[in-house]
Amino acid sequence: MSNLYHAYGRLSGKFSMVVLLALLGNQAASAQALAPQLGKAPLKEILAALTTEEKVKLVVGMGFYPAGFPEGILPPSDPADRKVPEKVPGAAGRTHAIARLGIPSLTLSDGPAGVRIAPIRGGDSTRTYYATAFPVATLLASSWDTELVYKVGVAFGSEVRAFGIDVLLAPGMNIHRNPLGGRNFEYYSEDPVVTGNIAAAFVNGVESNGVGTSIKHFAVNNQEFNRMKMNSQVSERALREIYLKGFQIAVRKAQPWTVMSSYNLVNGTYTSQSHELLTALLRQEWGFKGLVMTDWYGGQNPVAQLKAGNDLLMPGTTAQTQALLAAAKSGQLTPAQLDANVTRVLELVLKSPTFLGNSYTSRPALPADAAVARQAAAESMVLLRNEALALPLAAGQKLALFGNTSYNLIAGGTGSGDVNRAYTISIEQGLSKAGFSVSSPISQAYTQYLRAEKAKIPPKKTFFEPVPVIAEMGLDAATLQQQAQAVDVAIVTLGRSAGEGGDRKVTDDFTLRADEKAMLQQVATAFHTLGKKVVVVLNVGGVVETASWRNQADAILLAWQPGQEGGHAVADVLSGQTNPSGKLATTFPMAYTDIPYSQDFPGKVKAGAAAPANSLGGQESENTYSEGIYVGYRYFNTFQKQPAYAFGHGLSYTTFAYGPLKLSASALNDKLTATLTVTNTGKTAGREVVQLYVSAPKGKLAKPVSELKAFAKTSLLAPGKAQTLSFTLTAADLASYDTAASAWVTDAGTYTVQAAASSVDVKQRATFQVGKPVVVAKSRHLLAPQAPVTEMAPPTASK
Ligand code: BGC
């Protein structure tokens with residue numbers, strides 16, 4: 001630069017400045033032209049051109065500065081990064097750009113129920129940036145409809161793309177091990193086959209827009225308690241068959257762009273530092289081709305993370321950068337290792353919309369996506385109970401709506417699973433719009449009450465803060481009496497909110513609070529005395545106790561947390577506009593204590609564990625997965641425990657007949673096809689979810705009495721119409737993980753296939769033989785527990 005300056009020093013005035021700037025510009029341009037550019041030069045040349053500092057930048061994100069987090073709580077990142085304007089304000093993270101090599105910064109955003117970004121942008125008062133709040137994951141899984149979930153994914157991904165985001169941090173796919181799991185609403189099911197297939201459909205839908213997903217949290221992150229320091233101790237068999245299998249299915253069927261490792265340790269090693277999990281299993285055994293990133297601030301040792309195959313450390317801290325630079329210098333982190341991680345970051349960049357220069361409008365098709373959200377919600381809600389055909393409501397009936405959440409619908413959960421949406425349709429609005437007459441004295445009383453109660457709530461300080469509970473309004477007996485006379489039906493909505501950072505509690509959360517019980521009791525007595533019906537709507541993100549109060553309800557609709565269009569979707573189902581066809585993808589137990597491992601959930605702080613440095617850090621803790629593979633219905637059915645509502649249960653306004661179950665062969669060779677015809681035998685058009693369970697012969701390993709292997713949903717069948725469904729079974733579908741042999745093995749013997757309307761409602765059976773044992777896949781000891789996990793033994797009859 002100084003030579004240039006002297007050479008042209010004689011020139012003066014405006015003209016000389018112009019020439020100088022042009023020359024400087026050319027010099028910069030030619031330096032850029034000399035440097036290889038991503039996408040034009042082979043990756044090898046890019047790697048050769050990157051300095052070690054630049055490589056480390058690529059594997060460490062640009063930090064995280066969420067609104068509402070007190071300064072100093074989160075580990076610091078490079079202050080210079082903070083000054084670089086965010087492409088999408090409110091997104092969860094971004095990667096570093098290396099401009100001289102044509103490498104742009106990528107933007108990553110939550111989350112499972114809708115694109116989570118800031119709805120208002122500083123300096124831009126002209127418009128808003130709302131995203132659609134789709135129904136939560138647990139609701140989507142209750143559809144048992146991979147086409148529907150694909151459609152949700154397509155709409156969802158179009159918003160990811162419209163906002164200029166590269167990777168969506170979803171879907172969450174941990175197993176519902178226990179109803180109290182604080183993030184269960186972000187996850188699909190207690191069963192890995194449902195989880196894996198629904199997740200694959202979602203990923204394929206989102207990624208059809210040319211944007212990425214991140215299946216999370218890999219793996220065994222089934223509770224929030226001390227989540228960053230929780231050591232989950234699990235047997236190899238339970239890992240393979242329950243906790244990893246859903247991820248395996250999603251990788252096989254959708255090959256997502258990225259995987260997010262979890263916060264916890266599995267059998268003594270942080271998942272983000274586990275080479276066995278991220279490389280030996282995920283990449284080498286399952287064939288995953290994409291990138292692995294950490295959960296935000298997850299793990300402890302950045303060098304171990306890169307070596308394990310965790311390529312990107314999110315959101316990125318200065319300490320990580322320094323540790324990696326020091327390790328690169330000392331040789332502890334080899335150039336080959338760093339290059340392998342950087343290569344996967346660059347491969348992700350290469351397919352990203354930002355790199356490809358896709359234009360984006362920040363104007364997603366909100367009305368069209370809202371329609372998808374509504375359809376998905378209505379088609380996935382589960383009708384748990386419908387005594388004497390209390391539902392559907394007759395057109396134009398007069399209704400009285402009780403319960404806070406009739407007026408304030410809970411669209412979704414809190415934390416990173418939350419969505420900044422433009423509106424939420426309440427159940428009151430939905431029912432009114434659908435032509436029902438909603439009692440105004442009651443609705444006015446609730447509106448006033450809720451306004452006053454909300455005014456007392458201090459503003460939320462941090463993003464993890466749970467939504468404060470507003471007690472139910474006391475009901476005046478005379479008003480209630482008068483209302484019971486004036487209207488036709490009572491609707492009582494019960495709501496629950498949960499979210500990241502904490503698990504739920506049994507008292508007053510899994511079970512009803514005293515104020516809720518009193519409300520339900522009063523309403524039921526007043527209405528039933530006059531022979532009028534009471535319908536309960538459950539607006540919950542997770543399982544609640546129902547056995548003690550369900551007799552007070554004529555009908556119970558499990559609406560889950562149905563997204564911003566929830567009120568319309570509830571009205572669609574209550575009115576019969578949509579015939580409910582959702583089924584439970586997670587068991588509703590009679591009592592909390594019926595869940596195995598219920599007393600010990602969510603684990604305990606280790607003796608002598610240091611006090612947490614701050615509330616986010618947590619304390620070293622552990623929990624033992626002593627129920628092994630007996631999670632959810634596998635436990636209830638095998639141990640003959642009666643649930644309140646079984647896995648797979650869900651009623652319809654019509655009835656279905658199951659024709660005979662036909663198998664393509666009486667012995668399994670390569671694969672076998674099961675077919676059956678389902679007929680709508682009722683008076684209303686409807687859809688039926690058919691579940692295929694298999695009972696295995698007695699063999700070396702104990703097995704659940706039956707396990708879900710496949711499922712399918714009919715299209716909308718008019719009364720009298722039938723549809724033939726077919727399912728494919730392979731030896732791999734039947735295999736169990738034999739730890740001693742480190743192999744997936746299918747025993748020889750007689751297998752019984754069951755076509756069922758729920759896990760306890762088997763309609764048709766057929767049998768086939770497996771001639772000799774098949775070793776479906778050979779593996780090796782991976783992720784073995786530090787000490788053998790003592791697991792409960794199933795009753796001898798089922799062994
Ligand atoms: C959550 C992730 C989320 C990330 C970024 C973490 O606290 O566990 O699920 O994607 O934050 O917001």
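Take region 84-115 and flag every residue that is aliphatic (A, V, I, L, M) and near the ligand (Cβ under 10 Å from one of its atoms).
Ala91, Ala92, Leu108
Among Glu236, Glu224, which is in contact with an Asp or Glu (Cβ under 7 Å, 6 or more places away or on another chain) and acidic (Asp, Glu)? So that I can check it myself, show each step before the final result.
Values: Glu236 fails: in contact with an Asp or Glu (Cβ under 7 Å, 6 or more places away or on another chain).
Sole residue among the options that is in contact with an Asp or Glu (Cβ under 7 Å, 6 or more places away or on another chain) and acidic (Asp, Glu): Glu224.
Looking at (1) in contact (Cβ under 8 Å) with a residue 24 or more places away in the chain; (2) more than 16 Å from the ligand (Cβ to nearest atom), can you tell me which one Ala118 breaks?
All conditions pass for Ala118, except number (2).
When you scan region 119-152, how many residues do you find that are more than 21 Å from Glu86 (Cβ to Cβ) and acidic (Asp, Glu)?
2
Does region 408-416 contain any residue that is out of contact with any Gly (no Cβ under 7 Å at 6 or more places or on another chain), touching a residue at least 24 places away in the same chain (Cβ under 8 Å) and more than 16 Å from the ligand (Cβ to nearest atom)?
yes
Out of (1) surrounded by fewer than 24 Cβ atoms within 10 Å (Cβ to Cβ); (2) among the hydrophobic types (A, V, I, L, M, F, W, C); (3) more than 16 Å from the ligand (Cβ to nearest atom); (4) within 30 Å of Asp339 (Cβ to Cβ), what's the single condition that is false for Leu74?
So Leu74 meets the others, but not (3).
Table: residues versus (1) among the hydrophobic types (A, V, I, L, M, F, W, C); (2) more than 29 Å from Leu661 (Cβ to Cβ); (3) part of a loop (DSSP other than H, G, I, E, B).
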{"site": "Thr752", "(1), (2), (3)": "no, no, no"}
{"site": "Gln764", "(1), (2), (3)": "no, no, no"}
{"site": "Arg780", "(1), (2), (3)": "no, yes, yes"}
{"site": "Ala787", "(1), (2), (3)": "yes, yes, yes"}
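Any idea which of (1) surrounded by fewer than 19 Cβ atoms within 10 Å (Cβ to Cβ); (2) at negative phi; (3) of a type in the set (Ser, Thr, Tyr) is the one Ser759 doesn't satisfy?
Here Ser759 meets the rest and fails (1).
How many of the residues in region 164-188 are part of a loop (DSSP other than H, G, I, E, B), under 9 Å from Ala137 (Cα atoms) and either away from the ligand (no atom under 16 Å from the Cβ) or of a type outside the set (Ser, Thr, Tyr) (or both)? Spell out the reasoning first.
Of all residues in region 164-188, those part of a loop (DSSP other than H, G, I, E, B) come to 164-166, 169-171, 173-183, 187-188.
If we keep only those that are under 9 Å from Ala137 (Cα atoms) too, we end up with 171, 173, 187-188.
Checking the rest, the ones that are also either away from the ligand (no atom under 16 Å from the Cβ) or of a type outside the set (Ser, Thr, Tyr) (or both) come to 171, 173.
Qualifying residue count for the region: 2.
Of the residues in region 515-552, how many are in contact with a helix residue (DSSP H, G or I) (Cβ under 8 Å, 6 or more places away or on another chain), surrounded by fewer than 24 Cβ atoms within 10 Å (Cβ to Cβ), among the aliphatic types (A, V, I, L, M) and farther than 30 Å from Val372 by Cα?
The qualifying residues number 4.
Regarding Pro315, is this residue closer than 25 Å to Asn209 by Cα, at pLDDT 95 or above and either outside any helix (DSSP H, G or I) or in contact with a helix residue (DSSP H, G or I) (Cβ under 8 Å, 6 or more places away or on another chain) (or both)?
Numbers: closer than 25 Å to Asn209 by Cα: yes; at pLDDT 95 or above: yes; either outside any helix (DSSP H, G or I) or in contact with a helix residue (DSSP H, G or I) (Cβ under 8 Å, 6 or more places away or on another chain) (or both): yes.
The answer is yes for Pro315.
Please list, ordered by first then second residue, the pairs with beta carbon atoms under 7 Å, 6 or more apart or interchain, first in region 266-279 and over 17 Å from Val251 (Cβ atoms), second of a type in the set (Lys, Arg) and assigned to a helix (DSSP H, G or I).
His275/Lys307
Provide a single number: the residues in region 131-148 that are within 13 Å of His176 (Cβ to Cβ) and either without any contact (Cβ under 8 Å) to a residue 24 or more places away in the chain or not hydrophobic (A, V, I, L, M, F, W, C) (or both).
Here the count works out to 2.
Somewhere in region 710-720, is a residue surrounded by 23 or more Cβ atoms within 10 Å (Cβ to Cβ) and hydrophobic (A, V, I, L, M, F, W, C)?
Yes, there is a match, as at least one residue in region 710-720 is surrounded by 23 or more Cβ atoms within 10 Å (Cβ to Cβ) and hydrophobic (A, V, I, L, M, F, W, C).
Which condition from (1) within 16 Å of Thr752 (Cβ to Cβ); (2) within 27 Å of the chain's Cα centre (by Cα) is the one that Thr728 breaks?
Against the list (1) within 16 Å of Thr752 (Cβ to Cβ); (2) within 27 Å of the chain's Cα centre (by Cα), Thr728 comes up short only on (1).
Between residues in region 83-108 that are over 17 Å from Thr317 (Cα atoms) and residues that are of a type in the set (Asp, Glu) and surrounded by fewer than 17 Cβ atoms within 10 Å (Cβ to Cβ), which pairs lie under 9 Å by C-beta distance while being six or more apart or on different chains?
Between residues of region 83-108 that are over 17 Å from Thr317 (Cα atoms) and residues that are of a type in the set (Asp, Glu) and surrounded by fewer than 17 Cβ atoms within 10 Å (Cβ to Cβ), the close pairs are Ile98/Glu54; Arg100/Glu54; Leu101/Glu54; Ile103/Glu54.
Take the residues in region 486-514 that are assigned to a strand (DSSP E or B), small (Gly, Ala, Ser) and more than 16 Å from the ligand (Cβ to nearest atom); name whichever of them is surrounded by the most Cβ atoms within 10 Å (Cβ to Cβ).
Looking at the filtered set, the residue picked out is Ala490.
In region 373-396, what residues are outside any strand (DSSP E or B) and farther than 18 Å from Asp145 by Cβ?
Passing the criteria: Glu387, Ala388, Leu389, Ala390, Leu391, Pro392, Leu393, Ala394, Ala395, Gly396.
Restricting the first residue to region 206-226 and requiring it to be within 18 Å of Tyr263 (Cα to Cα) and in contact (Cβ under 8 Å) with a residue 40 or more places away in the chain, which pairs with a second residue that is of a type in the set (A, V, I, L, M, F, W, C) and within 14 Å of the ligand (Cβ to nearest atom) meet a Cβ separation below 6 Å and a spacing of at least six or different chains?
Ser214/Val167; Ser214/Leu169; Ser214/Met260; Ile215/Met173; Ile215/Val259; Lys216/Met260; His217/Met260; Phe218/Val259
Yes or no, residue by residue, for (1) at pLDDT 95 or above; (2) farther than 30 Å from Leu729 by Cα; (3) aromatic (Phe, Trp, Tyr):
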site: Glu190; (1), (2), (3): yes, no, no
site: Ser208; (1), (2), (3): yes, no, no
site: Gly212; (1), (2), (3): yes, yes, no
site: Ala238; (1), (2), (3): yes, no, no
site: Ile242; (1), (2), (3): yes, no, no
site: Trp257; (1), (2), (3): yes, no, yes
site: Tyr270; (1), (2), (3): yes, yes, yes
site: Met293; (1), (2), (3): yes, yes, no
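Conditions tested, residue by residue: (1) over 30 Å from Gly111 (Cα atoms); (2) basic (Lys, Arg); (3) modelled with pLDDT of 95 or more.
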| site | (1), (2), (3) |
| --- | --- |
| Gln522 | yes, no, yes |
| Phe527 | yes, no, yes |
| Val534 | yes, no, yes |
| Val543 | no, no, yes |
| Gly576 | yes, no, yes |
| Lys583 | no, yes, yes |
| Ser615 | no, no, no |
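Which strands (runs of 3 or more DSSP E) sit wholly inside region 555-663 and have at least 1 residues that are among the polar types (S, T, N, Q) and farther than 30 Å from Gly396 by Cβ?
Details: elements: 555-558, 621-624, 643-645, 656-658.
The strands (runs of 3 or more DSSP E) meeting that bar are 621-624.
Within region 559-585, how many residues turn out to be in contact with a Pro (Cβ under 8 Å, 6 or more places away or on another chain) and within 22 Å of Pro112 (Cβ to Cβ)?
The total comes to 7.
I need the full set of residues from region 494-513 which are touching a Ser or Thr at 6+ places or on another chain (Cβ under 6 Å) and modelled with pLDDT under 95, in order please.
Gly499, Glu500
Quick check, is Val342 part of a strand (DSSP E or B) and within 24 Å of Ile215 (Cβ to Cβ)?
Answer is no for this residue.
Show me the helices (runs of 4 or more DSSP H) entirely contained within region 36-128 in which 3 or more residues are more than 20 Å from Asn310 (Cα to Cα) and out of contact with any strand residue (DSSP E or B) (no Cβ under 9 Å at 6 or more places or on another chain).
Working: elements: 43-49, 52-59, 79-83.
So the answer is 43-49, 79-83.
With the condition being within 16 Å of the ligand (Cβ to nearest atom) and on the phi > 0 side of the Ramachandran plot, I'd like the helices (runs of 4 or more DSSP H) fully within region 191-308 carrying at least 1 qualifying residues.
Details: elements: 192-207, 245-254, 302-308.
Answer list for region 191-308: none.
The values are calculated or read from the model by the stated rules, or taken from the named source; none is laboratory data. Note that the coordinates shown come from a computational prediction; the quantities given were computed from them, not determined experimentally. Neighbour counts are summed over all protein chains in view; Cβ atoms, including those assigned to glycine, are modelled from backbone coordinates with ideal geometry.
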